[in-house]
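The numbers here are math on the coordinates, done by the rules we state, and not lab data. These numbers were taken from a predicted model, which means no experiment stands behind them. Ideal geometry is used to build each Cβ from the backbone, glycine not excepted, and the neighbour counts take in all protein chains shown.
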Amino acid sequence: MGTKWHKPEDVVAKLRQVDVLVSQGQSVAEAIRAIGVTEVTYYRWRKEYGGLKSDQVRRMKDLEVENQRLRKAIADLTLDKLILQEAAPGKLTSPARRRACIAHVMNVLDVSERRACRALGQHRSTQRKVPRGREDEAALTADLVELARQYGRYGYRKIGALLKAAGWFVNDKRVERIWRREGLKVPSRQPKRGRIWDGDGSCLRLRAERRDHVWSYDFVEARTHEGRKFRMLNVVDEFTRECLAIRVARKLKAADVIDVLSDLFIRRGVPGHIRSDNGPEFIAKSVQAWITGVGARTAYIAPGSPWENGYVESFNARLRDELLNGEIFYTLKEAQIVIESWRRHYNSVRPHASLGYRPPAPEMFVPAFTAWPAALTRSAPPAKRPVEQRPTRH
C-alpha cells in the first residue's frame, strides 16, 4: 500500500488530537499510536504546523496559491519583455513581418508558438497560414525590380506605368506593396515653388492653352570626364511637356539659338510665345529681331525669378537627376548621342505625372536602338506583351 497523503487541515486536527490525549494523562508515544502515524511523521508535522489552527491553515494555503499566481505572472511579464526586446529591431506593421518575427523568437528564446503569438499580438491561425501569392507574383516582382534598377530615380507610380505599358494588368496598390516589400526607396520630392500673383488673385504667368502655344528654353551646363564644360540648350513645349530639342555643344551663342529655333519652326510651325530668362543669348537684339520677324513673341521672366519659367526648370531638374548625375561622358560626341537618346526616351516612354503617367508624345515611333536606358534582361510572361528590349549601354 502506498503512503496516505494528509491534507493540512487533517494534520492540524491530528496534532490537536494528540494534545488532547496527552492532557488526559496518556504518554506522547501512546497518543501518536492513536492517530496512526510514526513518531518521525508526528514531529515533522509538529515542526511544520505546530501551534496553527484550521482557519490559519486555510489562510496559509490561500497565500501559497496567491504566491504561485504572482510568481507565474512575474515570469510571464519577464518573458513578454524578453520577447518584445527580441522583436524590437524592426516595426511589425504586417502579418508577414509578425510571422517571421515569431519564428525568430521561437528559435532564439525557445518558447512555444502560442506564447510568442500572444506576446506579439498575432493570431495563431494567421501565424500558421501559408501565404499563397498569385502565380505571376515572382515574374512581376522580377520585372519591377529590374525596372527600378534601370530607372533608378523613378518612384513606384512611374514604374507601375511602365509595367502597364509592358502588358501587366496591375494597380498602383499592388505595385506599391511589392515596392515596399523589396525595400526599394522612393526618390525624394522636389521642393515646391510659390507662384507670383496679382492683387486680385490672378496669376501673372502666361499659361499655355494648346500645343505650340508657349515654348520655353534654357541652358544647362555639364562637364566631360576631363573637366571641360559643355552646354545644352533645352526647348520644351509647356502644354504637352514634350522636349522639342536639346542642342549640345562646347559653346552656344545667339546664332546657335536662332539655328535651333529655325529648325523647330520649319518642322513644327511657329509658336505663339517663347519664354526664357534674361540671359545674354536670349535678350540679344539679333534673337529678338529674328523671333519677331517670323511672327512669334518673346516672354521674358522677371530677373532673378526662375520659378516663372517652371516648365523648363523642372525639365532641367529631371535631366540632371535622371541622366547627368549618373553618367560620365568621355567625349562631346558621346554626350550628344546619349542625351539625344534620353530625350527620345523622355518623350515617348517615360511616364509623366502631370499627364496621368503617360509620356508626352507616345505616338512618336522610336527605334529600339535609340531608347534609354538598357532594356530589361527578362520579359514578362508569354500571356502578356513583353517589356521592350533595349541594348545595354557600356
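Modelled label-to-label distance, GLU113 and VAL40, 7 Å Cα→beta-carbon offset: nm?
The answer from the label model is 4.9 nm.
Give me the distance in nm between label points sitting 7 Å out from Cα along the Cα-to-Cβ direction at HIS6 and ILE328, one decimal.
9.4 nm
Pull up all non-local amide H partners of THR240: gap of 5 or more, or a different chain, and H-to-H distance under 5 Å with H placed in the peptide plane.
ASP212
Pull out the extension gain between SER27 and ARG149, defined as 0.36 nm times the separation in residues minus the alpha carbon to alpha carbon distance; nm, one decimal. Could you put the intermediate results ahead of the total?
Values: separation 122, 0.36 × 122 = 43.92 nm, distance 9.80 nm.
Full-extension gain reported as 34.1 nm.
Hey, which of these cross-link pairs are over 28 Å Cα-Cα: LYS158/LYS333; LYS81/LYS129; LYS81/LYS173; LYS129/LYS173; LYS164/LYS185? Please report the intermediate quantities before stating the final value.
Values: LYS158/LYS333 30 Å; LYS81/LYS129 26 Å; LYS81/LYS173 35 Å; LYS129/LYS173 23 Å; LYS164/LYS185 20 Å.
Check vs 28 Å cut-off fails for LYS158/LYS333; LYS81/LYS173.
Calculate the radius of gyration of the Cα atoms of the stretch 264-325 to one decimal place, then report Dmax, the largest Cα-Cα distance, as a whole number, both in Å.
13.5, 39
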